[in-house]
Amino acid sequence: IGMSALQYVHSTGDKYYLPLARTIADWLIAMQEKDPAGGLRGGPALSWFGIEHNFDAYAFFNMMHKITQEEKYSQARERALAWLKDNAMVSSARKYALPPDDRGRGDATLATDTYAWALAALGPEKLKETGQDPEQIMQFAEEYSAAEVSYRRPSGITLSVRGFDFSPEAWRPDGGS
């Protein structure tokens, strides 16, 4: 909701929804401050921390800072990035940059969207600055999450459909059941 509000402000110049975005940003900062490492949990009553939430926070705080120029949003963005570096990124000396077997602190489910979102939220240049290889990130997603299935239309024609599985069956915590 916060990113949508900021996208509206950015696109139209109308600051009507800026107070909504500011309320969300300030609440997120309060949530960030509850973790000594500066991460955002999966929710207020949850114990696990997911990569996706912290990518969201980085992108959102980056947008807030660009629009408001307020330092507290730049600092919150940098705390999100520090958390990602410490908990979600590994040396690019390994075959894959983002860890393929961990989605965050206390959350060991692989989710394909976190790989694409890494590129969208941080951008290739910021990923490179943190020692990540954007090409390797996408290669990993393609190698481990690409899926192809047959689909039979009501007319009887069978098509092959290729896409991406959200989370490869072998890496689901429930074994894919």
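How much net charge surrounds Tyr8 when only other residues with a Cβ under 13 Å from its Cβ are counted (Lys, Arg +1; Asp, Glu -1)?
Values: positive: Lys15; negative: Asp14.
Local net charge: 0.
When Met138, Met64 are compared by accessible area of protein heavy atoms, the largest-first order is Met138, Met64, using a 1.4 Å probe.
Determine, for each peptide in 3-10, 44-51, the mean count of other beta carbons within 10 angstrom over its residues, then list the peptides with the highest first.
Details: 3-10: 17.0, 44-51: 15.4.
Going by the mean number of other Cβ atoms within 10 Å, highest first, we get 3-10, 44-51.
The HN-Hα couplings worked out from phi for the stretch 136-152 by the Karplus form 6.51 cos²θ - 1.76 cosθ + 1.60 (θ = phi - 60°) are 5, 4, 6, 4, 4, 4, 5, 5, 9, 10, 5, 9, 9, 10, 9, 10, 9 Hz, whole numbers, x standing for Gly and Pro.
Quote the FRET efficiency, to the nearest 0.05, computed for Glu125 versus Asp86 with a Förster distance R0 of 22 Å and r equal to the Cβ-Cβ distance. Efficiency at R0 = 22 Å is approximately 0.60.
Determine the sum of side-chain charges near Thr112: Lys and Arg each +1, Asp and Glu each -1, restricted to other residues whose C-beta is under 10 angstrom from that of Thr112.
-3
Report the extension gain between Ile1 and Tyr16 in nm, rounded to one decimal, defined as 0.36 nm multiplied by the number of residues separating them, less their alpha carbon distance. Don't skip to the end; give the middle numbers.
Working: separation 15, 0.36 × 15 = 5.40 nm, distance 1.38 nm.
Here the answer is 4.0 nm.
Given a cut-off of under 8 Å on Cα pairs at least six residues apart, what relative contact order in percent is computed for the stretch 124-166? Can you show the working numbers first?
Numbers: 35 pairs, mean separation 12.5, N = 43.
Worked out over the stretch 124-166, it gives 29 percent.
Amide H contacts under 5 Å for Phe164: Ala147, restricted to partners 5 or more places along the chain or on a different chain, H placed in the peptide plane at 1.01 Å from N. Accessible area per residue was computed with a 1.4 Å probe on protein heavy atoms; Lys72 scores about 80 Å².
Computing FRET efficiency as 1/(1 + (r/R0)^6) for Asp35 and Gln139, where r is the C-beta to C-beta distance and R0 is 25 Å, gives about 0.20. A Förster radius of 45 Å, combined with the Cβ-Cβ distance separating Ala45 from Arg152, puts the computed FRET efficiency at roughly 0.55. When a 1.4 Å probe is rolled over the protein heavy atoms, the share of accessible surface on the stretch 9-91 that falls to carbon and sulfur comes to 54 percent.
The values are calculated or read from the model by the stated rules, or taken from the named source; none is laboratory data. Owing to the predicted nature of the structure, the values given are computational and were not obtained by experimental measurement. Counting neighbours? That spans all protein chains shown, and the Cβs are built from the backbone with ideal geometry, glycine included. Quick note on the areas: whole protein, heavy atoms, side chains included, nothing else; ligands and nucleic acids left out. Shrake-Rupley method; radii C 1.70, N 1.55, O 1.52, S 1.80 Å.
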